[in-house]
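The values are calculated or read from the model by the stated rules, or taken from the named source; none is laboratory data. In this text, all values refer to a predicted model and were calculated from it rather than measured experimentally. Cβ sites come from the backbone with ideal geometry, for glycine too, and all protein chains shown count toward neighbours.
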Amino acid sequence: MADLAHLIKIHKVENDPARQGMLVKLIAEDEKAQADNRKALLAQRAADGHASAICPKCGAESVFDASNKAPKCGAMTGITAVKVKDGSEHNIPSPCGTPLKA
Amino acid sequence: MAVTTTDATLKDGNNATLLQAVHTNPAGDVVPAFSSDAPGVACYSVSILFTLGVATPTEVVVMQGSATKTIRLRKISVQGWSTTAGVMKWKLSRRTAAGTLGSAVLTAIPTQGKNDSGTVASPTMTVSTVGTANYTTVGTLGSINDSGVVGFNLAAQINNTLPWTPTANTPEAFVLRGTSDWLTLDGGADAGGDAVPAGGVALITIHWVEDAS
């Protein structure tokens with residue numbers, strides 16, 4: 001469950017058990033919706049012939065064809081410096097590139 | 001005299017008292033207080049500086065609907081930056097099938113979060129960028145909902161840096177229902193054939209709400 005103590009504090013309901021109960025109920029509903037959605041999402045991916053994996057380096061989740069033997073993480077976690085015509089240098093994001101396994 | 005906000009007392013069908021916030025303007029007119037805030041609605045956003053790694057991309061961003069929530073996309077914005085000036089045509093498309101990925105890899109944008117720190121932090125919609133390669137076959141096209149041109153330029157020329165915003169804070173949101181409902185942001189090959197300008201980076205921002213309707 002999400003950090004209930006934090007939520008109680010930011011909603012200023014420390015002394016309101018009824019509203020604390022409402023927060024607990026909302027969180028439980030959200031978590032169930034996420035779990036149910038996750039299950040449906042994985043079923044949909046399987047039906048589409050897709051697999052997924054979490055990047056061991058950056059934690060981003062990627063989806064790829066189940067037959068793809070060498071998928072790589074595409075999260076924009078890297079930085080590449082580029083030099084342009086006027087001589088100035090700029091940083092642009094680049095893919096994580098870590099090999100993934102389904 | 002400034003505008004003041006007070007509560008007007010209303011009665012419902014059972015003669016129970018309700019309070020309605022009203023504004024009183026300097027002329028003494030009393031008008032209902034309109035609120036653009038939506039308390040209790042789960043609002044999410046995601047934003048990425050995405051280096052367009054495929055030379056002439058088809059689908060660039062894939063938004064997949066949720067099995068448990070209805071998704072309403074309130075804002076989509078795409079802006080360009082590049083080391084050599086150029087333009088790209090873009091489309092917002094609805095897809096009714098996932099398509100064949102081939103060597104393409106969809107990576108969920110990991111920075112998505114909730115606008116309100118209220119309850120839990122994770123949305124159910126998945127927003128992914130497409131990397132490594134284009135889809136072998138893009139998803140079945142259901143409709144083209146919007147199209148636009150995005151200028152890519154390093155120089156601060158305002159006419160080249162205007163974002164394309166297929167939807168911007170509108171109540172007429174694009175809706176996604178179910179995990180077999182997709183909206184995609186398409187560039188290049190799938191939208192008229194523009195290659196990515198050299199060093200092209202797309203600045204993409206998406207806002208949406210999720211509810212159980």
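The residues of segment B:71-99 that are surrounded by fewer than 18 Cβ atoms within 10 Å (Cβ to Cβ) and either aliphatic (A, V, I, L, M) or over 23 Å from A:Met76 (Cα atoms) (or both), listed by number, are B:Ala85, B:Val87, B:Thr96, B:Ala97. Taking the criterion of being surrounded by fewer than 18 Cβ atoms within 10 Å (Cβ to Cβ), of a type in the set (Val, Ile, Thr) and in a helix (DSSP H, G or I), the only residue of segment A:14-65 that qualifies is A:Val24.
Within segment B:175-194, being modelled with pLDDT of 90 or more and surrounded by fewer than 20 Cβ atoms within 10 Å (Cβ to Cβ) holds for B:Val175, B:Arg177, B:Gly178, B:Ser180, B:Asp181. So, in segment A:66-98, of the ones that are assigned to a loop (DSSP other than H, G, I, E, B) and within 7 Å of chain B (Cβ to nearest Cβ), which residue ends up modelled with the lowest pLDDT? The extreme case among them is A:Val84.
With the requirement that a residue be within 18 Å of B:Gly131 (Cα to Cα) and at the interface with chain A (Cβ under 8 Å from one of its Cβ atoms), what does segment B:82-98 give you? If the condition is that a residue be within 18 Å of B:Gly131 (Cα to Cα) and at the interface with chain A (Cβ under 8 Å from one of its Cβ atoms), then B:Ala98 is the only one that fits. Counting residues in segment B:20-43 that are farther than 28 Å from B:Ala168 by Cα and either within 14 Å of chain A (Cβ to nearest Cβ) or touching a Leu at 6+ places or on another chain (Cβ under 7 Å) (or both) gives one or more.
May I ask you to verify whether A:Ala28 is over 19 Å from B:Thr124 (Cα atoms) and touching a residue at least 24 places away in the same chain (Cβ under 8 Å)? So A:Ala28 does not fit the description; no.
Meeting the requirement of 1 or more residues that are among the hydroxyl-bearing types (Ser, Thr, Tyr), at pLDDT 85 or above and closer than 19 Å to B:Thr184 by Cβ, the strands (runs of 3 or more DSSP E) wholly within segment B:1-70 are B:42-51.
Of these, B:Ala155, B:Ala98, B:Ala121, which one is modelled with pLDDT of 85 or more and either outside the structural domain of B:Gly199 (by TED's automatic domain parsing) or part of a loop (DSSP other than H, G, I, E, B) (or both)? The unique qualifying residue is B:Ala98.
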